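Below is one structure, written out as structure tokens; comments come after it.
The values are calculated or read from the model by the stated rules, or taken from the named source; none is laboratory data. Just so we're clear, the structure is a prediction, and the values are computed from it rather than from any experiment. Ideal geometry is used to build each Cβ from the backbone, glycine not excepted, and the neighbour counts take in all protein chains shown. Ligands, DNA and RNA are stripped out before the accessible areas are found, and what is left, the full protein with its side chains, is counted by its heavy atoms. Shrake-Rupley method; radii C 1.70, N 1.55, O 1.52, S 1.80 Å.
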Amino acid sequence: MMARRAPAQQNVCMSASALPLIAIDGPSGVGKSTTARRVAEHLGWQYLDTGAMYRAAALAVLRAGVSLEDRAALESLLFGLDLAQEAGRMFLSGEDVSEAIRSQEVTHLVTPVSADARVREVLVKQQRHIGASGRWVVDGRDIGTVVFTNACCKIFLTASPGARAQRRFLELQAKGQLPVLEEVLADLQRRDTADSTRAASPLRKADDAVALDSSDLSLDQVVAWIVARHQAHS
Ligand code: DC
């Protein structure tokens with residue numbers, strides 16, 4: 001008996017120009033990194049955390065004491081910027097900086113560093129080079145709108161500011177810190193405004209991305225939803 005052929009599906013992944021890559025964009029604290037890592041594990045694909053790349057660039061700027069106004073110094077720093085990600089760890093010039101890039105200093109500096117058009121140009125080029133072969137899950141702010149506009153699956157992950165602040169608050173507590181919920185919320189809102197109002201690649205949903213509000217969903221539910229969406233469209 002011959003297997004019946006499934007009816008052809010109308011979807012972007014079937015177009016010759018679509019890249020087998022899942023782009024996950026969204027605001028700070030929505031759980032993109034954990035979600036993207038889990039989706040990648042599930043599919044046996046690789047995971048690229050572009051936020052960690054911007055953080056590592058900010059750390060390099062911080063360590064070199066370069067002012068973003070000093071364009072020649074910034075240019076030379078970017079020229080020598082050696083970033084790599086392996087097994088979920090972020091490396092800067094061969095040094096594992098996975099913890100260092102989460103410091104308060106870096107978290108503050110990464111906002112102006114990631115708003116710099118020249119920094120973005122250099123990092124976007126590296127991201128495109130890494131993901132060009134496909135079978136990557138990539139998370140960030142501009143993956144579906146700028147970096148991989150041809151990704152076959154684009155997700156715009158959101159959650160209410162209150163839900164995101166609550167999750168971040170619990171994460172910090174679990175790390176033994178003593179966060180104040182109002183401060184966590186204010187910090188998220190500051191980053192939301194900075195990310196979505198900057199001139200260079202502001203955070204926005206790609207027209208062909210599907211939005212998922214995860215406010216009332218567990219991590220497992222979000223991962224399952226994205227995997228199912230991807231499988232239905234490939
Ligand atoms: O996801 P994250 O919080 O680690 O990102 C760190 C910063 O980098 C954040 O200010 C937003 C910025 N970013 C960006 O502008 N574009 C990306 N593709 C990823 C992150």
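For the reader, a short list of remarks on this structure follows.
- Breaking point among (1) surrounded by 13 or more Cβ atoms within 10 Å (Cβ to Cβ); (2) over 18 Å from ASP195 (Cβ atoms), for VAL113: (2)
- Neighbours by Cβ (under 9 Å, 6+ apart or cross-chain): first from region 51-65, in a helix (DSSP H, G or I); second of a type in the set (Phe, Trp, Tyr) and away from the ligand (no atom under 14 Å from the Cβ): ALA56/PHE91
- One residue stands out in region 29-46 among those that are within 13 Å of the ligand (Cβ to nearest atom) and buried (at least 22 other Cβ atoms within 10 Å of the Cβ): the one that is nearest to TRP136 (Cα to Cα), namely ALA36.
- Conditions (1) open to solvent by 40 Å² or more (accessible area, probe 1.4 Å); (2) modelled with pLDDT under 95; (3) within 13 Å of the ligand (Cβ to nearest atom); number of the one not met by ASP192: (1)
- Scanning region 139-167 for residues that are within 17 Å of ASP195 (Cα to Cα) and either part of a helix (DSSP H, G or I) or acidic (Asp, Glu) (or both) gives ASP139, ASP142, ILE143, GLY144, THR145, VAL146, VAL147, PRO161, ARG164, ALA165.
- Region 74-96, residues that are more than 15 Å from the ligand (Cβ to nearest atom), modelled with pLDDT of 95 or more and open to solvent by 30 Å² or more (accessible area, probe 1.4 Å): GLU75, SER76, PHE79, GLY80, ASP82, ALA84, PHE91, SER93, GLY94, GLU95, ASP96
- Reported count of residues in region 98-129, each being away from the ligand (no atom under 13 Å from the Cβ) and not in a helix (DSSP H, G or I), is 1.
- Test: residue in region 143-150 that is open to solvent by less than 30 Å² (accessible area, probe 1.4 Å) and away from the ligand (no atom under 11 Å from the Cβ): no
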